[in-house]
Amino acid sequence: MKTYQDIGELYKDKFENFAPEVPAEWWNDIQTRIVTHQSNQLLYWVGGAAALCTMALCVWLGLSDIKPAVSHAAPASLTDTAASYMADNIISPEELFAEPAAAIHSPSEPVAAPATGTKTMECKSETMAITVIPESDSRPTPPANNTVSTQNNSAPEHPVANQNTGITPSTRTKAAAKSIFSNDTTIYSGDTVTLYVYNATHILWSTGQTGNTIKVSPSYTEQYDVSFVNEKNTDTTISIQVHCVEPVKIYVPDAFTPNGDGLNDVFEIKASQVPATYSITITNASSQKLFSTNNITTSWDGTFYGQDLPHGVYYYHISYTDNLNKTHHLKGDILLIRQ
């Protein structure tokens, strides 16, 4: 017996010439699968070719339907010859807006292009005209020399720079508001008046106040000084005169006794000073006018057309304008006493 040194030599000696046989049914199964795979590939190629042919046919049929659709748009009254001509001579947008000299001619008779830019196709019984709008008429002609068109008279709110005209936007800033302040004024003695300074800074009044406004009530004419920095950033000092005047005072008696004893025999008006204008009207209870005058020194003696009026109550209406040109109205009643 042969002795082997290791298991490797044993396997090599025993299986060196060994060749296993494959069962016959295995070879049959492999052959069947190869044939089936080749058949499937052929079907894929045939199906793809058929799909491409179908798509090409659909595209061709779609393109062939476009031209008849245009020809059917011709009016029903046109003859077959004119309809066929329209189908074979479709006007493109470029041709439609071309110069008027390019006229359309009928298959049977050439027709000259009208001077107004109208293309005409003449048939046996009807004529169809296609009006051509020249390109020069379809939009406004730009103004010459890059000037602004006069059709728009409204100026722009902000000017825009133009390289041809040299117009540039204004770069100036808005000027500061001008300082304003009170002028000299006249008031009644003891009345209150407001003095002011606006659009200014660092305001200081002679009264020691620092606001924009102060209220003063002088009893006599007085001057008020104020210093401030104006809109030009300049130190400024001004003086405001407040003139005081005494108001016109009117004194109206309550009653009078026209009996000739020298005491209160007339109804008269007294005033602290003569007003600029003056008027008085006296009436009875029925609003009948009994007396009127524009002279403050004229008095009423209690008569009407020389006849003594009876004892009773009468009414007055006084209107006057004072030295500040203010109009005042006074109304009341007076008692005429007869003994």
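The values are calculated or read from the model by the stated rules, or taken from the named source; none is laboratory data. What you see is a predicted model; the values in this text were computed from it and never measured. Because the Cβ atoms are built from the backbone with ideal geometry, glycine has one as well, and the counts that use them run over all protein chains shown.
Within the stretch 44-58, which residues are aliphatic (A, V, I, L, M) and at pLDDT below 80?
Hit for the stretch 44-58 is VAL46, nothing else.
Every residue, every condition in (1) in contact with an Asp or Glu (Cβ under 6 Å, 6 or more places away or on another chain); (2) surrounded by 12 or more Cβ atoms within 10 Å (Cβ to Cβ); (3) on the phi > 0 side of the Ramachandran plot; (4) modelled with pLDDT under 95, yes or no:
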| site | (1), (2), (3), (4) |
| --- | --- |
| THR165 | no, yes, no, yes |
| ILE180 | no, yes, no, yes |
| TYR196 | no, yes, no, no |
| TYR220 | no, no, no, yes |
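Picking from THR236, THR257, which residue would you name as being in the same structural domain as PRO310 (by TED's automatic domain parsing) and touching a residue at least 24 places away in the same chain (Cβ under 8 Å)?
Sole residue among the options that is in the same structural domain as PRO310 (by TED's automatic domain parsing) and touching a residue at least 24 places away in the same chain (Cβ under 8 Å): THR257.
Tell me, which strands (runs of 3 or more DSSP E) wholly within the stretch 166-272 include 2 or more residues that are hydrophobic (A, V, I, L, M, F, W, C), farther than 30 Å from THR293 by Cα and out of contact with any helix residue (DSSP H, G or I) (no Cβ under 9 Å at 6 or more places or on another chain)?
Result: 193-198, 201-205, 213-216, 222-229, 235-245.
For the stretch 265-275, state whether one or more residues are farther than 14 Å from ILE250 by Cβ and not acidic (Asp, Glu).
yes
Does the stretch 327-339 hold any residues that are in a strand (DSSP E or B) and loosely packed, with under 15 Cβ neighbours inside 10 Å, and which are they?
Scanning the stretch 327-339 gives THR327, HIS328, HIS329, LEU330, LYS331, GLY332, ASP333, LEU335.
In this structure, does ASN323 turn out to be within 25 Å of THR185 (Cβ to Cβ) and either β-branched (Val, Ile, Thr) or not assigned by TED's automatic domain parsing to the domain that holds THR207 (or both)?
yes
Residues are listed down the side, and each one gets a yes or a no for (1) farther than 30 Å from ASP225 by Cα; (2) modelled with pLDDT of 95 or more:
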position: CYS244; (1), (2): no, no
position: PRO247; (1), (2): no, no
position: LEU263; (1), (2): yes, no
position: VAL274; (1), (2): yes, no
position: THR281; (1), (2): yes, yes
position: ASP308; (1), (2): yes, no
position: TYR315; (1), (2): yes, yes
